[in-house]
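Take a look at the structure below.
FYI, it's all coordinate maths here, none of it is from the lab. All values reported here derive from a predicted model rather than from experimental measurement. Cβ: placed from backbone, ideal geometry, glycine included. Neighbour counts: every protein chain shown.
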Amino acid sequence: MEKILIIEDEESILMALEDNLKLEGYEVSSAMDGLKGLSMAKEQRFDLIILDIMLPEMDGFEVCRQLRQAGITMPILMLTAKSQEVEKILGLELGADDYVTKPFSPRELLARVKALLRRIKLPQKEIHIFKFGDVEIDFKKYEARKKRKLINLTALEFSLIHFLIKYKDQVVQRNSILDEVWGNDVFVQPRTVDKHISELRKKIEDDPPNPKYIIGVRNIGYKFVSGE
Ligand code: CA
């Protein structure tokens, strides 16, 4: 059974979410403030976190940032109420994987949850450990290291690099990346791929502006080159 943590202070939304997710067969835990949610997410293993932004004690942005900083890579779906928040989430420095704007329908939310959970399951089947240069990625444990030091890749970044590695030395189109990594049921702009690639490069490349491994192919997409 997949475990989901909901961090949300509005009781009516929290209860509706809990009911819907339990009906779908998920094991659900919840926290009603940011600090409590953060400590639960650090202590227990969850498959996914649903995280509201406006929360008592610590806001959702900070919870997300601290989780990623602690090396926790499970997917995070943010709940937002305002358009300014969407812009900030899309800035991606936070490490959130997706967002849903309030008010949302239970169906929409479930679709996002399923897409995110499917995304993190995909990689496990194909490549276990992959090494290139001074980087080593364990796709089963969701651990990535550079120069033997742990680097914090998000669930989405794991999927993204897994897909590129699967087709290494070949050019993959932006649209194929979107279909494979984000899934058809999630609306995202092709530009989103570029933003995530740039974040990924910052984490794995020695000189991100002049990448050695993830090469951009103008107007088409990207190519992973391991040089081996
Ligand atoms: Ca709230």
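Structure values in brief
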item	result
Proximal lysines to Lys147, defined as alpha-carbon separation beneath 18 angstrom and excluding residues fewer than eight positions away on the same chain	Lys131, Lys202, Lys203, Lys212
For Met78, distant residues with modelled amide H under 5 Å away	Leu51, Asp97, Asp98, Tyr99, Val100
Number of Lys pairs (Cα under 22 Å; 8 or more positions apart or on different chains) in region 3-121	13
Inter-site label distance for Lys203 and Lys42 at 7 Å from Cα along Cβ, in nm	2.0 nm
222 nm mean residue ellipticity, helices alone, for the chain (DSSP H n ≥ 4; -39,500 (n - 2.57); rounded to 500)	-11500 deg cm²/dmol
The chain, relative contact order [Cα under 8 Å, separation at least 6], %	14 percent
Relative contact order, percent, region 129-224 [alpha-carbon distance under 8 Å, six or more residues apart]	25 percent
FRET efficiency estimate (nearest 0.05) - Cβ-Cβ, Glu10 to Arg218, R0 41 angstrom	0.35
Euclidean distance of C-alpha centroids, region 208-228 and region 128-195, integer Å	13 Å
Region 3-121 shape via C-alpha gyration tensor axes, a/c threshold 1.5	rounded
Most mobile listed residue (Leu160, Leu23, Leu178) in the chain, GNM with C-alpha springs under 10 Å	Leu23
Cα-only Debye scattering, the chain: base-10 log of I(q)/I(0) at q = 0.16 Å⁻¹	-1.12
Projected label distance in nm at Arg145 and Asp33, using a 7 Å step from Cα toward the beta-carbon	3.9 nm
